[in-house]
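Engineer: Here it is, the structure in full.
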Amino acid sequence: MSNNKFLKGAAILGVSGVIVKLIGAVFRIPLTNWIGEDGMAFYGCAYPIYSFFLVISTAGIPVAISKMVSERITVRNYSDAHKVFQVSLRLLTVLGVVSFLLCYLGADMIAGKFQHIPEAASSIRAISPALLFVPVLSAFRGYFQGRQNMNPTAISELTEQTFRAIVGLSLAYSFMTVGLSEAAAGATFGASAGSFAGMVIIMLIYGLNRKTIHTKIRRGERGYENSRDILKKILIIAIPITLGAAIMPIMSTIDSIIVPGRLMDTGWTKEQAQSLFGQLSGYCSSLIGLPQIFTQAVAVSLVPAISAAFLRGDRNELQDNVRLGLRATMIIGFPCAVGLFVMAEPIMLLLFPRQEAEAVAAAPTLMVMAIGVVFLASVQTLTGALQGVGRQSIPVRNLAIGAVVKLVVSWICVGIPTINVKGAALGSIAAYGIAMVLDLAAVRRFTGTKFDMKLTYIIPGVASGLMGAAAFAAYKGLFMITDSNGLSALAAIGIAVIVYAALILLMRGITKDEISRLPKGDKLVRLLGRFVK
């Protein structure tokens, strides 16, 4: 895959990711306003558990599919590329069934004994059917990504999120009169409905492409790998990636276990502990996930791109893709982090106007979490680079070191009354910061890539700082005139986008070559030629 296709693939996934997040906001904002902090605590308890089981069954295998399919297609071995997909589909189906049973049958024990919130058991059960469908869905996504086609992934993601929002909100509203735990369970069932819809749509897309796929198989090189060898290779790649990916939901699970219990140990009541945890999981986590739309899109596109270049021995293209991937991540990550930091309270009030007191209370936690956005974004991209060159165990080790640090930092800081739930955010910053530094050293060692510090870090950082100052000043000035948080916040965000884009161009932070690789990039180059080199 050329770095031209890499950027276009990342752009497709990035755009679809933005739409998915907007749909998610449409879902989460009214839900939070309906069920409040306590209901969001029940809802927030289900997702870390669901994510943990999902990682076990799906995290590493789709990456392995993408990498192995890309490598075989590079040498026109379409037969074995398709066999990789078939073997992985059977494996993921089995893992999905096992994960579903563990999550569904163990819901009471997980919610009661580990999370200390027994009312969350219904939400855990409601989301568990998704564990049957998402593994199948991810197998198809990995196959199409390995074929350098990101459209099926984007379409299935949009379908999945749309159904999730419609079904989840409908059920949550219907069960509001029954109780908060039932309403939260209805909301989480939306994930099960959405994953089923996404699975159906991507299977239909596969059916429409089946004739073309099998024509290439007949005309390409004859396959020679047996299913057992393919399974072994999948597991060799997938197991380290799965272990590494499991660390992130493990960290969320650590929060869901440590935070309520630790708060109660230091004098907070159960109701206060639930409320504080609801700020973390219900109000802040979804916003912090927004920048990951783009950085995850970069990482997903990076793996097959680097794998193909690595297989061909094209060191220049490999290093170009690594540099470009990290630069794209920093250009996105820095302004997101600064924007969330300086506009934390206005954004919270904009999104949750009916929960004004809770939104204001959650803003300091969001400010702390925003600091870690750049670290997390870097970890995702650098992990993709290391996976592409077959060093998938290294980011696992690095993130595991970070998780141990998080456990210690969170335990200490959450137990300090003046810090309370913000201690979990501080723990995450420490974890991702350490993992980023270690990953960066590993990428330099195993790919030989040298990064331009000015282009990669300094220009995006300086431009983001100036953007943040402009956004904050604009908000304060407009609020004095309009006395409207919503209008002032939206206008300030719009001004911030314009200011940042102008600064990146004026500071020569983006090159013509990079812009030309984007969809419609040639037209953009002609339009912006005076600002870019």
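Engineer: Say we look at region 441-459 and pick out the residues that are outside any helix (DSSP H, G or I) and not polar (S, T, N, Q); which of these is farthest from residue 387 (Cα to Cα)?
Structural biologist: 452
Engineer: Those residues that are touching a helix residue (DSSP H, G or I) at 6+ places or on another chain (Cβ under 9 Å), at pLDDT 90 or above and either at positive phi or not small (Gly, Ala, Ser) (or both), I need them from region 170-208; list them, please.
Structural biologist: 171, 189, 196, 199, 200, 201, 202, 203, 205, 206
Engineer: Mind checking which residues of region 120-132 are closer than 18 Å to residue 242 by Cα and either at pLDDT below 90 or crowded, with 22+ Cβ neighbours inside 10 Å (or both)?
Structural biologist: Of everything in region 120-132, just one residue is closer than 18 Å to residue 242 by Cα and either at pLDDT below 90 or crowded, with 22+ Cβ neighbours inside 10 Å (or both), namely 131.
Engineer: Going residue by residue through region 411-427, is there one that turns out to be in a helix (DSSP H, G or I), surrounded by fewer than 18 Cβ atoms within 10 Å (Cβ to Cβ) and either in contact (Cβ under 8 Å) with a residue 60 or more places away in the chain or aliphatic (A, V, I, L, M) (or both)?
Structural biologist: Yes, some residue in region 411-427 is in a helix (DSSP H, G or I), surrounded by fewer than 18 Cβ atoms within 10 Å (Cβ to Cβ) and either in contact (Cβ under 8 Å) with a residue 60 or more places away in the chain or aliphatic (A, V, I, L, M) (or both).
Engineer: Sort through 46, 81, 41 and tell me the only one that's farther than 30 Å from residue 108 by Cα and crowded, with 23+ Cβ neighbours inside 10 Å.
Structural biologist: 81
Engineer: Here is a check on your reading of the model: is residue 137 at pLDDT 90 or above and open to solvent by less than 10 Å² (accessible area, probe 1.4 Å)?
Structural biologist: Yes, satisfied.
Engineer: In addition: Quick check on region 181-199. Is at least one of its residues without any contact (Cβ under 8 Å) to a residue 24 or more places away in the chain and of a type in the set (A, V, I, L, M)?
Structural biologist: The answer is no, given that none of the residues of region 181-199 is without any contact (Cβ under 8 Å) to a residue 24 or more places away in the chain and of a type in the set (A, V, I, L, M).
Engineer: Follow-up question, since we're still on this one. Does region 170-184 hold any residues that are in a helix (DSSP H, G or I) and within 14 Å of residue 36 (Cα to Cα), and which are they?
Structural biologist: Within region 170-184, 172, 173, 180, 181, 182, 183, 184 qualify.
Engineer: Oh, and also: Identify, from the list 379, 389, 360, the residue that is surrounded by fewer than 24 Cβ atoms within 10 Å (Cβ to Cβ), of a type in the set (Val, Ile, Thr) and under 25 Å from residue 236 (Cβ atoms).
Structural biologist: 389
Engineer: Let me ask something additional. Of all residues being under 15 Å from residue 68 (Cα atoms), touching a helix residue (DSSP H, G or I) at 6+ places or on another chain (Cβ under 6 Å) and outside any helix (DSSP H, G or I) in region 216-265, which is modelled with the highest pLDDT? Just the residue, please.
Structural biologist: Out of the qualifying residues, it is 225.
Engineer: Which ones in region 396-445 are over 27 Å from residue 365 (Cβ atoms) and in contact with a helix residue (DSSP H, G or I) (Cβ under 7 Å, 6 or more places away or on another chain)?
Structural biologist: Listed by number, the residues that qualify are 396, 440, 442, 443.
Engineer: Need the failing condition index for residue 438 against (1) at pLDDT 90 or above; (2) over 29 Å from residue 70 (Cβ atoms); (3) buried (at least 17 other Cβ atoms within 10 Å of the Cβ), just the number.
Structural biologist: (2)
Engineer: Looking for something under 18 Å from the mean Cα position of the chain (by Cα), surrounded by fewer than 24 Cβ atoms within 10 Å (Cβ to Cβ) and part of a helix (DSSP H, G or I) - is there at least one such residue anywhere in region 57-67?
Structural biologist: yes
Engineer: Take residue 110 and decide whether it is more than 24 Å from residue 16 (Cα to Cα) and aliphatic (A, V, I, L, M).
Structural biologist: yes
Engineer: Suppose the filter is within 30 Å of residue 209 (Cα to Cα), modelled with pLDDT under 80, touching a Gly at 6+ places or on another chain (Cβ under 8 Å) and not acidic (Asp, Glu); does residue 67 pass it?
Structural biologist: No; evaluated as a whole, the condition is false for this residue.
Engineer: Filter region 499-513 down to residues that are open to solvent by less than 50 Å² (accessible area, probe 1.4 Å), touching a helix residue (DSSP H, G or I) at 6+ places or on another chain (Cβ under 7 Å) and not aromatic (Phe, Trp, Tyr) and give me whichever is modelled with the highest pLDDT.
Structural biologist: Here the answer is 499.
The values are calculated or read from the model by the stated rules, or taken from the named source; none is laboratory data. This one's a predicted model, so the numbers in the text were calculated from it and none came from an experiment. A quick note on method: Cβ atoms are made from the backbone with ideal geometry, for glycine too, and the neighbour counts reach across all protein chains shown. Protein only, heavy atoms only, side chains kept; ligands, DNA and RNA dropped before computing areas. Shrake-Rupley method; radii C 1.70, N 1.55, O 1.52, S 1.80 Å.
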